[in-house]
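Heads up, the thing below is written out as structure tokens.
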Amino acid sequence: MQDEVLVLGGGVAGCAASIALARSGRAVRMIEREPTPRHKVCGEFLSGEALEDLEMLGIDVVALGAVPIDYVRLAATRRAAEAPLPFPAKSLTRKTLDTALIAEAMEAGVRVEPGRSVQSLTRTAEGGWQARLDNGELCEAPTAFLATGKHDLRSHRRPDDPQRWVAFKMYYRLTPAQAAELTDASELMLYPGGYGGIQPVEDGIANLCWVVQQRYLARAGHRWDRFLLKMQEACPHLAMRLAGAEPLMEKPISVSRIPYGYIRPTTEPGLYCVGDQAAVIPSFTGDGISIALHTARCAVAAYLANQPAPLYQARLRSALLPQMRLAEFAADGINNAPARAILPFCLQLWPGVMRVTARLTRVAAGQVPMAPQAIAG
């Protein structure tokens, strides 16, 4: 039987779309470049919307060891302020989450092909899509879902990142005292050239993710370890958290050329773009996984309703634009040197500001509902 849908990418968005499509009776072939799930540069924050989507997909994050996140803290220089999150949230490593999603996709009947890289994606003479794999094999289907995450295909590139962001991720085992203080909180750290976040994940470890503009990294000799020291000098709160911590990786994993604020303006017929290929929100919002799941849900709903891909893309862009612009405005603000200078004196306002910002930068629930049978199976 010919594949009805090709899904290129087996991350959160690709798996979510594949599961929903297969449960709706479609023949789905999912191509994933990694042979097995691995750790990825990700804050690993699951907002309320993400938790709802995952539950509908059959993923029990609590059984997987997800950690509750009830508070968010902002740390600048030597001061920090805390605010309760206005929605339920948890944290879970991407390796664990991706493993569960791929297993669910296989259970739903998706033809999963790991360890295969897509070299190109082109239109066929009949108007469908043809993917060329790394071994030369050609895969064809009338419809394709582009879910390659931060990795662009040559013929479907997103625009360059003008800020030239570089992101890093490292796992630590904190001292018992520091782990106890972090227990149910996600902390946002500010420093010249970027921002970072640290929060607990399963198995008693902490995830530290940070982003920096390349010109600031260059001042540290393009050395992540030197820049990490500069981060701790600028934000002693982070230095306190990492004092005595055991790094669990030889070096952090990293990714560059992240086009924060990007929303794909259009697409071609039969090509539905999801996840980071559809929209890339500034990472400090903690909305990345939520948007990946949301765009997958919207794209599948559009496909099942015979809504053309260009119309889906236009409607998605219109729906996400206010949220994205607010997130960009907030990101620009916290990366502004004058703002950082006065921030320690304004932290008393942080709880109220955080609650409003958190609500406004969430994905609006129910923007494009997915057919119940596509999720529940």
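By DSSP, the beta bridges lying fully in region 1-108 are antiparallel in about 70 percent of cases. Note on region 1-135: the C-alpha convex hull projects to 11.1 nm² when averaged across all orientations. Taking trypsin sites (Lys or Arg not before Pro) across region 185-231, the ones in a DSSP loop with at most 16 further Cβ atoms lying within 10 angstrom of their Cβ are ARG223.
Summary of packing: across the peptides 11-17, 167-173, the per-residue average of other C-beta atoms within 10 Å ranks them, highest first, as 11-17, 167-173. Of the beta bridges in the chain, as assigned by DSSP with both residues counted there, near 70 percent are antiparallel.
Considering only Cα atoms, the convex hull volume of the chain works out to 128 Å³ per residue. Between the Cα long axis of helix 288-304 and the first principal axis of the chain there is an angle of about 20°, rounded to the nearest 10. Distance between the 7 Å Cα→Cβ label points at GLU4 and ARG223: 5.7 nm. Each peptide in 244-257, 108-121, 25-38, 148-161 receives the mean, over its residues, of other Cβ atoms within 10 Å, and ordering these scores from highest gives 25-38, 108-121, 148-161, 244-257.
Loop-resident GluC sites (Glu not before Pro) (DSSP state other than H, G, I, E or B) in region 86-130 with no more than 13 further Cβ atoms inside 10 Å of their Cβ: GLU126. Taking Lys and Arg as +1 and Asp and Glu as -1, the other residues whose beta-carbon sits under 12 Å from that of ASP184 total -2.
Relative to the globular-protein estimate of 2.2 N^0.38 Å, the Cα radius of gyration of region 165-317 stands at 1.26.
The magnitude of the dipole of the chain, with charges of +1 and -1 set on the Cβ of Lys/Arg and Asp/Glu and taken from the Cα centre, is near 1200 debye. Please list, short to long, the whole-number percent of alpha-carbon pairs of region 179-252 in consecutive 10 angstrom bins beginning at zero. Computed distribution, short to long bins: 18, 54, 25, 3. Against the main long axis of the alpha-carbon atoms of the chain, helix 224-234 sits at an angle near 50°.
Between 0 and 90 degrees, the angle of helix 12-23 with respect to the longest Cα principal axis of the chain falls at about 30 degrees.
Computed from the coordinates by the stated procedures, all read-outs in this text should not be read as laboratory data. Just so it is clear, the model here is predicted, and its values are computed rather than measured. Heads up, the Cβs are rebuilt from the backbone with ideal geometry, glycines too, and the neighbour counts pull from every protein chain shown.
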